[in-house]
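This report concerns only the one structure given below.
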Amino acid sequence: MSLGIARPAYSQPSSLPLRTPPGPEDPARIRAAIARAPLFAALPISAIEDLTSRVQVRRVAVGATVVTQDEPGDSMFVIMSGRVKVVIFGESGREVTLSILRPGDSFGEMSLFDGQSRSANCVAIEPTSLLALSREDLLRHLAAHPRTSMNLLGEMARRLRRADETIAQLALCDVNERLIHRLVGLAREEGAQSPDGLVVRRRPTQQELANMIGSCRETISRAFNQLARDGLIIPRGRSLVVTPALIEKAEKRKAA
Ligand code: CMP
């Protein structure tokens, strides 16, 4: 689904270093990255070796568009390092962030299976290393290693669950509740334990939070500042502490 004009601030695929020949890469590093990815969890060694022989390493700069919405898809990707944002641009350049993907996460598989164009844009938000697997190589691998198909189905089911949760929240929860849910989610996904709570090293901007939960920056700013005044979150330099009190509040609301 395209919501209109797209891809304002990011570089176009033609400027991507995706087509530059990959540098020499240690196969052990590639193997380790494959084995770490949930998509390839619990595969036999033979399947890991097969994938290692098929993938190519791609390095992309921050801001580069790896996958462009509405274009045909010919490869899927696994993140070795860095982060990638899955985003849809609306008219007037507004963004909806569908997901922030981290090392081990994969993307770009949907168009390979349904033969349609890319469903969203995938943009590197940090310098990122990727493993790229072409459609032909993926299909050959799946034919020889059906266990990977089961993993793929599991990943798709998880994503659908998350999307269902987001739809329900948009319909049932106010902005404040959605913000609390997202902050607690971020803390669980990438927070480090500290005496005050879970520390998210790189605090998302208020605009980024707005894009994630379908709101606008001004509304998020008010809700965010109130949570900080209530001592439920602690902005600390570029990081953010999500306190146990906020986590408890989110859990109580879920149970209610
Ligand atoms: P594809 O459609 O080939 O290209 C865009 C990719 O974004 C898509 O495959 C998925 O891998 C990924 N994607 C689309 N929607 C979501 C979502 N809601 N959550 C996470 N990833 C997504």
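The values are calculated or read from the model by the stated rules, or taken from the named source; none is laboratory data. All values derive from a computational prediction rather than experimental measurement. Every residue, glycine as well, gets a Cβ built from its backbone with ideal geometry; the counts of neighbours run over all protein chains shown. Surface accessibility is based on the protein's heavy atoms, side chains included, excluding ligands, DNA and RNA. Shrake-Rupley method; radii C 1.70, N 1.55, O 1.52, S 1.80 Å.
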Taking a spot 7 Å from the Cα of ARG140 along the direction of its beta carbon, which residues of region 86-109 have an amide N less than 12 Å from it? none
Over region 173-255, with neighbouring protein chains present, the accessible area per residue in Å² at probe 1.4 Å is 53 Å²
Packing-ranked peptide list from 35-43, 210-218, highest mean Cβ count within 10 angstrom first, is 210-218, 35-43
For region 27-162, what is the accessible area per residue in Å², given a 1.4 Å probe and the full set of protein chains? 45 Å²
Solvent-accessible area, 1.4 Å probe, carbon plus sulfur percent, for region 27-162: 57 percent
Using 13 Å as the cut-off for backbone N distance, which residues of region 91-114 belong to the label zone defined by a point 7 Å from the Cα of GLN169 along Cα→Cβ? 97-100
If each DSSP helix of 4+ residues adds -39,500 (n - 2.57) and the sum is divided by the residues in the chain, what number results at 222 nm, nearest 500 deg cm²/dmol? -13500 deg cm²/dmol
Percent of all alpha-carbon pairs of the chain at distances over 28 Å, whole number, is 39 percent
Highest average packing first - 229-239, 91-101, Cβ atoms within 10 Å: 91-101, 229-239
As an exercise, identify the GluC sites (Glu not before Pro) in region 160-196 lying in DSSP coil whose Cβ has no more than 13 other Cβ atoms within 10 Å. none
Take region 27-162, drop everything but the C-alpha atoms, weight them equally and run the Debye formula without solvent; then report log10 I(q)/I(0) at 0.11, 0.15, 0.19, 0.22 Å⁻¹ to two decimals. -0.37, -0.70, -1.14, -1.52
Output the 0 to 90 degree angle, nearest 10, between the alpha-carbon long axis of helix 27-36 and the longest principal axis computed from the alpha carbons of the chain. 50 degrees
Enumerate the calculated ³J(HN,Hα) couplings along region 226-239 in order (Karplus 6.51 cos²θ - 1.76 cosθ + 1.60, θ = phi - 60°), each rounded to whole Hz, writing x wherever the residue is Gly or Pro. 5, 4, 5, 4, 6, x, 7, 10, 10, x, 9, x, 8, 10
Cα centroids of region 189-256 and region 74-148: how far apart, whole angstrom? 27 Å
Ignoring ligands, DNA and RNA, what percent of the accessible area of region 173-255 is carbon or sulfur (1.4 Å)? 50 percent
Nearest 10, in degrees from 0 to 90: the angle of helix 135-144 to the longest Cα principal axis of the chain is 80 degrees
Which of rounded, prolate or oblate describes region 54-124 when judged by the alpha-carbon gyration tensor and an a/c cut-off of 1.5? oblate
Go through region 81-89 residue by residue and turn each phi into a ³J(HN,Hα) via Karplus (6.51, -1.76, 1.60, θ = phi - 60°); whole Hz please, and just put x for glycine and proline. 8, x, 9, 10, 9, 9, 9, 10, 9
Tilt of helix 175-190 relative to the longest C-alpha principal axis of the chain, in degrees (0 to 90, nearest 10)? 50 degrees
